[in-house]
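Colleague: First the structure, which I've put down as structure tokens, then a few questions once you've had a look.
Quick note: the coordinates plus some simple rules give every number you see, no bench work behind them. Just so it is clear, the model here is predicted, and its values are computed rather than measured. With ideal geometry, Cβ positions are generated from the backbone for all residues, glycine too; neighbour counts draw on all protein chains shown.
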Amino acid sequence: MLSECINCGKDESCDRVTGRCNFGCAAQYYGDNCSKECDRACEVCRNDSGECTICQPGYYGNCKQNCRNICNDTLRCDRIYGYCRLTCGSRKYGKECKDACPLMCGADGNCHKETGECLEGCLPGYYLADCTGRCDKNCANVSCEVHTGKCIACPDGWAGVECEKRCQNCIDNVCDQDSLQCIRGCIGGDCVEEEKGSNALLIMVTVLFVMILLYVIVTLVRVKHQHLNTE
């Protein structure tokens with residue numbers, strides 16, 4: 001009566017007389033006849049001794065220490081030191097995920113595992129990689145660019161990086177944030193008015209230049225062609 005090879009790895013074959021596996025045990029087994037199960041925290045163990053060589057997710061060292069409390073449940077940690085390999089749990093960072101992310105990180109408050117930089121921007125009113133910068137109170141809605149701190153927009157009548165400059169004699173008190181040019185025109189003609197139609201003028205000059213250049217090229221080709229015909 002034939003017996004089945006038990007818990008054998010690779011091609012699941014074994015010696016026809018002794019029943020010993022030809023290519024070692026399956027990942028979760030060890031011993032002479034592969035009848036012993038590896039520790040439940042092991043993903044792979046040595047065939048002879050049962051010593052863990054790869055831990056299950058959440059275990060490290062000799063696979064007895066559990067790192068699920070400091071790493072996300074779905075991620076592995078370093079088998080020897082227990083460092084989380086990818087990201088930490090909510091609002092934590094560092095090799096052992098013991099450091100708190102900056103308080104002003106936006107969205108879910110998570111930050112980069114190694115640097116501590118906020119992953120999804122800052123809460124309104126803050127900027128910089130770690131969200132420690134405060135947007136100027138002059139900014140509209142106290143909102144600014146996350147990298148530079150420049151106000152995203154200014155209240156009516158104000159302009160500049162920190163909305164610290166007043167618009168001068170502009171209709172409806174509206175001017176460009178960077179140049180301070182009046183967008184809707186000046187009151188009494190005494191202001192810096194936005195240059196209108198400058199882009200159209202530039203396009204016209206460019207088109208005219210291209211047309212002249214083409215005319216010169218065509219003329220030269222014709223002259224050369226006539227010269228060759230006379231020869």
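Colleague: Take every Cα-Cα pair in segment 85-127 and report what % of them are more than 16 Å apart.
Modeller: 25 percent
Colleague: Once phi is turned into ³J(HN,Hα) by the Karplus curve 6.51 cos²θ - 1.76 cosθ + 1.60 with θ = phi - 60°, what whole-Hz value does each residue of segment 179-185 show in order, with x for glycine and proline?
Modeller: Residue by residue, segment 179-185 yields 8, 6, 6, 5, 7, 9, x Hz.
Colleague: Beyond a 32 Å Cα-Cα separation, which of these cross-linked pairs lie in this structure: Lys92/Lys137; Lys36/Lys92; Lys113/Lys150; Lys10/Lys64?
Modeller: Lys36/Lys92
Colleague: Please arrange Thr132, Thr206 by counting, for each residue, the other beta carbons lying within 10 Å of its beta carbon, fewest first.
Modeller: So the residues, fewest neighbours to most, are Thr206, Thr132.
Colleague: List Val146, Val221 from most exposed to least, where exposure is judged by having the fewest other Cβ atoms within 10 Å.
Modeller: Val221, Val146
Colleague: Just to be sure I understand the model, the point goes 7 Å from the Cα along the line to the Cβ. What's the resulting Val142 to Leu119 distance in nm?
Modeller: Each label point is offset 7 Å from its Cα along the Cβ direction, giving 2.7 nm.
Colleague: Just to check I understand the Karplus step: with θ = phi - 60° and J = 6.51 cos²θ - 1.76 cosθ + 1.60, what whole-Hz values come out for segment 208-225, glycine and proline as x?
Modeller: For segment 208-225, the Karplus-derived couplings read 4, 4, 5, 5, 5, 4, 5, 4, 4, 5, 4, 4, 5, 5, 5, 4, 5, 5 Hz, x marking Gly and Pro.
Colleague: Turning to a different aspect of this structure: Given bins 5 angstrom wide, list per bin the percent of all Cα-Cα distances in segment 129-172, short to long.
Modeller: All Cα pairs considered, the percentages come to 5, 27, 29, 17, 12, 6, 3, 2, 0.
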